[in-house]
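What follows is calculated from the coordinates using simple rules that are stated; it is not laboratory data. The structure presented is a predicted model; accordingly, all values stated were derived computationally and were not measured. Using ideal geometry, Cβ is built from the backbone for each residue, glycine included, and neighbour counts are taken over all protein chains shown.
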Amino acid sequence: MTVPHRPAQHRLLSVLLIHERDAYVAVCLEHFLAAQGTTLEQAQRALVQTLVTQIGLDVRAGRAPLAQHGPAPEKYWRAFQQAVRREVAPEPVVSADVPLLPAFLVEAITETLPAEA
């Protein structure tokens, strides 16, 4: 089945940045995807690359971008709500493979995840 081409619609994606010992993990909450790096910036870049790659694969396969990735588990959403928000101006994520990705990143940083409820 082929997904009809539609103009890109921008939407916000919530990103939780988790500091774990000697690494950072960036987790996209609306579509449970994650990437890591040794610095915040590396984790952010790795997540953007993961999103770009997945969206490109979805578009080439005729699927709606990121539709196969459901939301993150509740503990990540709770951590996002409790975390320190970063003042980050939303910027479009762009790629040579996909003209304009329908995503802007909004970030929050936490040192730990809350315990399972």
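Among what's in the stretch 45-77 and is part of a helix (DSSP H, G or I) and basic (K, R), pick the residue that is surrounded by the fewest Cβ atoms within 10 Å (Cβ to Cβ). The residue in question is R60. Could you list, ordered by first residue, the pairs with Cβ atoms under 7 Å in which the first is in the stretch 23-44 and touching a residue at least 60 places away in the same chain (Cβ under 8 Å) and surrounded by 15 or more Cβ atoms within 10 Å (Cβ to Cβ) and the second is in a strand (DSSP E or B) and not aliphatic (A, V, I, L, M), at least 6 apart or interchain? From residues that are touching a residue at least 60 places away in the same chain (Cβ under 8 Å) and surrounded by 15 or more Cβ atoms within 10 Å (Cβ to Cβ), the pairs are L40/Y24. Residues in the stretch 56-87 that are of a type in the set (A, V, I, L, M, F, W, C) and touching a helix residue (DSSP H, G or I) at 6+ places or on another chain (Cβ under 8 Å) were compared, and the one that is nearest to I18 (Cα to Cα) is L66.
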